[in-house]
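Structure, as C-alpha cells:
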Amino acid sequence: MAFPGIPKRKTQSAAARAEAPIAPIHHVPLSPRALRAQAVHRLQVGLFGLAGMLLLVSLANVIMDRAQVGDSAAAMPDAAASSSAANDPLVDMGVAPELPVNGGGAAAPAQQPAARPKP
C-alpha cells in the first residue's frame with residue numbers, strides 16, 4: 001500500500017547483500033585521557049547523588065521536628081486557659097457558659113434554687 005507523499009524505501013536484493021563484504025568491527029581502546037574523563041564524570045555523578053540524598057534526608061528531618069513541636073504545643077494547655085474540666089470544647093467555642101470549678105473538680109451550681117413555699 002503506497003501512501004501519497006511518502007517515498008518508497010529502497011531495498012537491496014538478497015544477491016546484492018550476499019556479495020557485499022562484511023567488515024568486522026574492531027574494538028579501539030580508549031586513551032588514558034578518555035578513561036580519566038569517564039572516571040571523573042562517574043565520581044561527579046556519585047557525589048551529586050550523595051549530596052542530593054543528604055539534602056532530602058535533612059529536609060525530611062526538619063519537617064518531622066517541626067511537626068513534633070507543633071503537636072506538643074497543641075497538646076500542652078496554656079497557663080491562661082481555665083482549669084475547667086479538661087478544657088471543655090463547648091466552653092472553648094463559646095457555646096456553653098464557663099462554670100466555676102471548686103476544689104473537688106465538680107462544677108458547683110451558680111445559684112441555689114429557692115425553696116418553694118408549702119401550700
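Laboratory data are not the source of any read-out in this text; all were calculated from the coordinates shown. Just so it is clear, the model here is predicted, and its values are computed rather than measured.
Multiplying the residue separation of Asn61 and Ala23 by 0.36 nm and removing their Cα-Cα distance gives an extension gain of 7.8 nm.
The string of couplings for the range 21-27 from the Karplus curve (6.51, -1.76, 1.60, θ = phi - 60°) is x, 9, 8, x, 9, 8, 7 Hz, one whole number per residue in order, with x for Gly and Pro. Across the range 35-50, computed HN-Hα scalar couplings (Karplus, 6.51 cos²θ - 1.76 cosθ + 1.60, θ = phi - 60°) run 5, 5, 4, 5, 5, 5, 4, 5, 5, 5, 4, x, 5, 5, x, 5 Hz from first to last residue, x flagging Gly and Pro.
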